[in-house]
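A quick write-up on the structure given underneath.
No value in this document is a laboratory result; all are computed from the given coordinates. Here the structure is a predicted model, which means the values were calculated and not measured. So basically every Cβ, Gly included, is an ideal-geometry build from the backbone, and we count neighbours across all protein chains shown.
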Amino acid sequence: MNPNGVKLFALDDVHGVYADAFVTDQTEHLLFGSFWGRDTSIQELIARLTLPSTEGGLYRLHLVDQDDPGRKHEVLIGNADRLVKMTGRMPKANLFGDVAQVWLYDRLATDPDYGSRRAVRLFSCDDADPARVALESDLIWGLFKDVCHLPLLDPWRETIVRTAVQRGWVSFHAGIGIHALMLNLGSEELESVIETLIRDGQLTLGEAKTTGSVNEPFRNTEAADLPAPRDAESRRLTASQLAHRLNGFTGTTMWYRHPLVRALTYTDGVRFFADNGGEQGAYWFLDLVATEFYPLLKTEPFLLIVLSVMEKRGRIRVEDGNGRIIREKDIDYTDLQTGDWRFYLTDDVLLLPGEY
């Protein structure tokens with residue numbers, strides 16, 4: 001670790017080169033990399049990216065964690081022509097000699113492909129949930145309007161982004177020191193989907209601002225699917241009403257896939273909780289499960305998740321089902337209804353105890 005707290009990864013393939021930030025796509029191909037080293041080492045790296053493998057060329061990079069040498073990140077290069085190269089040098093009057101830097105990044109990050117309607121947006125974020133921040137910010141919407149061949153109105157923003165996440169037209173990729181959003185609007189069904197949303201009244205000139213996470217699934221407007229009458233003052237289900245409705249779920253007719261962690265699905269009861277928990281909905285809880293607790297299934301086949309809320313504060317306790325606490329997380333503020341809300345996570349499914 002360097003004095004500024006930036007983590008460095010040594011490049012196994014070229015001596016003396018280190019990376020302080022990088023991110024890859026879903027196939028582990030490099031989207032962005034920031035590399036440092038002496039000028040001769042950086043020039044060697046750039047040259048070897050253009051050579052065939054038979055002549056010492058690099059088609060993949062191996063980055064070694066300096067804090068854990070046994071841990072390596074393998075990054076694929078693929079066609080090096082798609083990568084833009086930007087180089088710079090530190091001032092000569094420094095303690096380390098002739099040090100240079102090179103940025104390698106996918107051309108789509110600066111030059112969207114308007115023919116195939118693809119683009120990449122790189123960003124840094126210190127928030128604990130960078131995917132949510134990116135999808136709820138102007139990062140993605142400006143790119144949408146630039147790349148999409150259809151005219152998009154600003155009041156449609158949250159509905160359009162939510163639909164794109166559900167259908168895989170937008171993907172988030174977490175990296176080291178930097179993250180990426182990939183946009184692919186080349187789907188043949190794009191026009192028909194937007195047409196259907198307009199026809200169904202979900203996209204209008206005067207569309208009100210939606211609430212909850214951008215990951216929230218679409219809700220049917222049939223009377224049978226509307227929530228129970230809400231408390232007149234709070235405009236939401238009371239704690240007892242929510243508990244009563246959740247106790248009524250004994251199975252599920254639909255399975256919902258989390259748009260960012262596609263392997264995770266959840267049930268009708270969990271969706272009802274996410275729709276009706278708090279003033280804004282509780283899809284943030286599903287995002288926490290997907291990003292922080294779902295990975296625990298690699299070593300624990302069954303998880304009991306208890307979300308306890310009291311006086312606008314919450315605590316999430318994850319157990320193995322036999323009373324052993326695996327993880328706890330405090331929530332500094334939440335507008336969720338007071339109570340202990342229990343969920344099971346097993347076989348890649350998040351469900352209510354009554355649905356198990």
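Quote the relative contact order of the stretch 118-199 in percent (integer), defining contacts as alpha-carbon pairs under 8 Å separated by 6+ residues.
42 percent
Take every Cα-Cα distance within the stretch 255-304, group them into 10 Å bins from 0 onward, and report for each bin the whole-number percent of pairs it holds.
24, 56, 19, 1
Under the 0.36 nm per residue contour assumption, what length would be gained going from the current alpha-carbon distance of S137 and T338 to full extension?
Contour length minus Cα-Cα distance gives 69.4 nm.
Evaluate 2.2 N^0.38 Å with N set to the residue count of the stretch 1-75, then give the Cα radius of gyration divided by it. Before the final figure, lay out each step's value.
Details: Rg = 12.4 Å, N = 75, 2.2 N^0.38 = 11.3 Å.
This ratio for the stretch 1-75 stands at 1.09.
Rounded to a whole number of µm²/s, how large is the Stokes-Einstein D of the chain at 37 °C and 0.692 mPa s, given Rh as the Kirkwood radius over C-alpha pairs?
On the way: Rh = 23.1 Å.
For these conditions, the coefficient is 142 µm²/s.
Which whole-number percent gives the relative contact order of the chain, counting Cα pairs below 8 Å spaced six or more residues apart?
11 percent
Going by how many other Cβ atoms sit within 10 Å of their own, how do W103, W36 line up, fewest first?
Fewest-to-most Cβ neighbours within 10 Å comes out as W103, W36.
Along the Cα-to-C-beta direction of V306, a point sits 7 Å from the Cα; which residues of the stretch 317-356 have their amide N less than 11 Å from that point?
317-325, 340-343
Please compute the volume of the convex hull spanned by the alpha-carbon atoms of the stretch 223-355 and report it per residue in Å³.
111 Å³
Return a whole-number percent for the relative contact order of the stretch 9-106, with Cα pairs under 8 Å and 6 or more residues apart as the contact set. Present the calculation step by step, with values, prior to reporting the outcome.
Details: 192 pairs, mean separation 29.3, N = 98.
Relative contact order here is 30 percent.
May I ask for the Kirkwood hydrodynamic radius of the stretch 97-208, worked out over all distinct Cα pairs and given in angstroms to one decimal?
Details: mean 1/r = 0.0654 Å⁻¹.
Kirkwood radius, the stretch 97-208: 15.3 Å.
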